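*Asks:* Sharing a structure, written as structure tokens. Questions coming.
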Amino acid sequence: MRRLMRTCLLLVAAMALPATVAAQDGIDTGDNAWILTSSALVLMMTGPGLALFYGGLVRKRNVLGTLMQSFAMMALMTLLWAVYGYSLAFAEGNAFIGGLEYLFLNGVGMEPNGSIPHLTFMVFQLMFAIITPALISGAFAERMKFSAMLLFMALWGTVVYFPMVHMVWGGGFMSGDGAIPCLDFAGGTVVHMSSGVAALVIALYIGRRRGFPSEAMRPHNLTLAFIGACLLWVGWFGFNAGSALAADGLAAAAFVNTHFAAAAAVVGWLIVEWLRDGKPSVLGGITGAVAGLVAVTPASGFVNAMDSILIGLVAGIVCYFAVAVVKAKFKYDDSLDAFGVHGVGGTVGALLTGLFAREAIGGATGLLEGNTGQFVNNALGSALTWVFSAVATFVILKIVDALVGVRVTAGDESIGLDISQHGEEAYN
């Protein structure tokens, strides 16, 4: 009986084999394994990475509310991406937005997309759609209604993020064959600049926290923020190296550049902080690391290791002054420096990509290799991203404010978002 059952199972397996092989035609299993792993790494950047990083930086009465903002994006953006987001981003469309070919993920299956299944490509890009709006939450920490946050993020993803993806990566006017081809390997314009500029607009619109800047608003738990920053650093390898969409030499270059830029940015930030303030802080070190990771994101697949070190150093220094000097001078309450790190860092990275891009790495040249036009295109693309994100964000805020109100009441802000928005306390 055992032999008979074994023989039957082998026959069934043999009959299924041709269909299995056919489904895998054109798929490189090594590439697929790497991109699936990268997808998990990028998701880890949002939860727990960004959630802990932001959660540790707020006051203790707002930690759960801050964690929940990142966590909610993991659910909300996934559903929007499945229903229409992926289609608007990557289906064939016009210069600004994709069509409806992939609505409800229609036609997105195991068929090859390059050397990986279409499903793998789709879910990898989803992880970017999750973290990008989550980055904005650092600007309005401790004072925005949860309902308003959900509505704003849904509209912002639809109006700003999905079209930005199409314009740069989906065949739009800022893609390789577009009218203004911009080099953006993993999201300098699409992710960091768009979210960073939105963060500045929302910080100015929603206003300062009660007591800012006269009242000290120190991080309640730098240990959590430190752990979150380390998780971001590790997850960023999936973010950048995964954007090669293959387990090849380009992925290795992006991986190395990511690490070197982060290390250089830590050194750049801490040197300036040490000279100016007298002590190198833990908060400064971890913020500098994120600034370097942001800046190298658009360049990671176009430059060499020494270029990435320069990019990191510049980003660490420039972002330090954006956070410690510019914000202090103008007194806008970008609570967790989403603009100072992501908006400024993303812009620095985009411009330096146009400067350093090397044909031997990613097949594109920058200003240093004689391609002035590429530097101009990246600068123009950055300016257009600033304008588009700023205007669209302001309009969306006005709509959300009219529908549900953006800011919590003074009483709710005083007791904290944990209790007022979620009815819970982080520390009992």
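*Asks:* Which residue fluctuates most in the GNM of the chain (Cα springs below 10 Å): SER300, SER214, SER389?
*Replies:* SER214
*Asks:* What is the gain in length, in nm to one decimal, between ALA360 and GLU111 on full extension, counting 0.36 nm per residue of separation less the C-alpha to C-alpha distance?
*Replies:* In short, 86.5 nm is gained.
*Asks:* Can you pull the one-decimal nm distance between simple spin-label points at LEU384 and LEU368, each 7 Å off the Cα toward Cβ?
*Replies:* The two pseudo-label positions are separated by 2.6 nm.
*Asks:* Oh, and also: Quick one: dipole size for the chain, taken about the Cα centre, charges +1 on Lys/Arg Cβ and -1 on Asp/Glu Cβ, in debye to the nearest 20.
*Replies:* I would put it at about 1060 debye.
*Asks:* What whole-number volume per residue, in cubic angstrom, does the convex hull of the C-alpha atoms of region 286-428 give?
*Replies:* About 160 Å³ per residue, rounded to a whole number.
*Asks:* I'd like the distance separating the alpha-carbon centroids of region 170-192 and region 55-93, in whole Å.
*Replies:* Distance between centres, Cα-based: 22 Å.
*Asks:* Which entry in (i) 22.2, 74; (ii) 25.0, 82; (iii) 22.3, 83 matches Rg and Dmax of the Cα atoms in Å derived from the coordinates of this structure?
*Replies:* (iii)
*Asks:* So which residue, out of GLY114, GLY354, GLY292, gets the largest mean-square fluctuation from a GNM of the chain using Cα contacts under 10 Å as springs?
*Replies:* With Cα springs under 10 Å in the chain, the top fluctuation among GLY114, GLY354, GLY292 is at GLY114.
*Asks:* Next question. Show the residues, 5+ positions off or on another chain, whose built amide H is closer than 5 Å to the amide H of ASN113.
*Replies:* Residues meeting the amide H criterion: HIS118.
*Asks:* Report the full-extension gain for the segment CYS230 to GLU425: residue separation times 0.36 nm, less the Cα-Cα distance, to one decimal in nm.
*Replies:* 67.6 nm
*Asks:* Could you order the peptides 134-146, 315-327 from most to least packed, using the average number of other C-beta atoms within 10 Å per residue?
*Replies:* 134-146, 315-327
*Asks:* Something else about it: Quick check on the exposure proxy: order SER243, SER420 from fewest to most C-beta atoms within 10 angstrom.
*Replies:* Ordered from fewest to most neighbouring Cβ atoms within 10 Å, SER243, SER420 come out as SER420, SER243.
*Asks:* Another question, then. In a shell of Cβ-Cβ distance under 13 Å around ASN304, excluding ASN304 itself, what net charge do Lys and Arg (+1) and Asp and Glu (-1) give?
*Replies:* Summing Lys/Arg as +1 and Asp/Glu as -1 gives -2.
*Asks:* Now for a different question. When the chain is treated as a GNM, springs tying every alpha-carbon pair under 10 Å, which of ALA241, ALA225, ALA82 comes out with the largest mean-square fluctuation?
*Replies:* It is ALA82.
*Asks:* Provide ARG59, ARG210 in ascending order of the number of other Cβ atoms located within 10 Å of each residue's Cβ, fewest first.
*Replies:* Fewest to most other Cβ atoms nearby, the residues stand as ARG210, ARG59.
*Asks:* How much length is gained on full extension from ALA216 to VAL83, taking 0.36 nm per residue of separation minus their Cα-Cα distance?
*Replies:* 43.5 nm is the gain from fully extending ALA216 to VAL83.
*Asks:* Something else about it: When MET153, MET193, MET306 are ordered from fewest to most other Cβ atoms inside 10 Å of their Cβ, what list results?
*Replies:* The order, fewest Cβ neighbours first, is MET306, MET153, MET193.
FYI, it's all coordinate maths here, none of it is from the lab. Keep in mind it's a predicted model, so treat the numbers as computed, not measured. Virtual Cβ from ideal backbone geometry, glycine too; neighbours counted across all protein chains shown.
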